[in-house]
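The values are calculated or read from the model by the stated rules, or taken from the named source; none is laboratory data. Keep in mind that this is a model prediction, so the values were computed, not measured. Neighbour counts are summed over all protein chains in view; Cβ atoms, including those assigned to glycine, are modelled from backbone coordinates with ideal geometry. The accessibility values were calculated without ligands, DNA or RNA, using every heavy atom of the protein model including side chains. Shrake-Rupley method; radii C 1.70, N 1.55, O 1.52, S 1.80 Å.
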Amino acid sequence: MPTVDLIMTVENGAAKCAPADLRLPADTDVSIRVENHTTSQIVLTAPQIFENKNVLHHDGDVVHVASNDGYTVKQNGKGEIRVRTIAAGQYPYGCTSVNDKSQPFRGTLTLSPAAR
């Protein structure tokens, strides 16, 4: 299962996720390991990826948000979210501090066709 690490920080009061360009294979089971290096909860969002039908497993300091659009990662928390990715393409993804929702981070989720 392909794995990607996603690190959450705060810069100038705004949430930031790295890498900004998150690259994963499309239509594939993947593991997203998250680490929140801040003292506030961060909400990770991406279209369709975190819907119940695509979530395989989650573990650690992560909580599925009621809208099915993302996960809240607890302050100074670590966790793993295993999902089935969607079709190839570029999609927005975001990280938002629950302490300052006015400055969301916006990144790009690039899903490439899986090798056959």
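Among the residues making up region 77-97, a single one is surrounded by fewer than 14 Cβ atoms within 10 Å (Cβ to Cβ) and either in contact with a Lys or Arg (Cβ under 8 Å, 6 or more places away or on another chain) or over 20 Å from Pro47 (Cβ atoms) (or both): Pro92. Counting only strands (runs of 3 or more DSSP E) that sit completely within region 28-116, those holding 2 or more residues that are touching a residue at least 24 places away in the same chain (Cβ under 8 Å) and of a type in the set (Asp, Glu) correspond to 29-36.
Residues in region 33-69 that are touching a Leu at 6+ places or on another chain (Cβ under 8 Å) and either among the basic types (Lys, Arg) or at positive phi (or both): Arg33 only. Listed by first and then second residue, the pairs with beta-carbon distance under 9 Å, at least 6 apart or on different chains, first residue in region 6-19 and open to solvent by less than 50 Å² (accessible area, probe 1.4 Å), second of a type in the set (Asp, Glu) and modelled with pLDDT under 95, are Gly13/Asp100; Ala14/Asp100; Ala15/Asp100. Number of residues in region 98-107 that are open to solvent by less than 50 Å² (accessible area, probe 1.4 Å) and either under 13 Å from Arg23 (Cβ atoms) or of a type in the set (Val, Ile, Thr) (or both): the value is 1.
Residues of region 64-76 being open to solvent by less than 80 Å² (accessible area, probe 1.4 Å) and either of a type outside the set (A, V, I, L, M, F, W, C) or at pLDDT 95 or above (or both), which ones? Give the steps one after another, and end with the answer.
Pass one, region 64-76, residues open to solvent by less than 80 Å² (accessible area, probe 1.4 Å): 64-65, 67-73.
Matches in region 64-76: His64, Ser67, Asn68, Asp69, Gly70, Tyr71, Thr72, Val73.
Taking the listed residues Asp21, Asp29, Asp61, the one that is closer than 20 Å to Ala114 by Cβ and in contact with a Lys or Arg (Cβ under 7 Å, 6 or more places away or on another chain) is Asp29, with no other qualifying.
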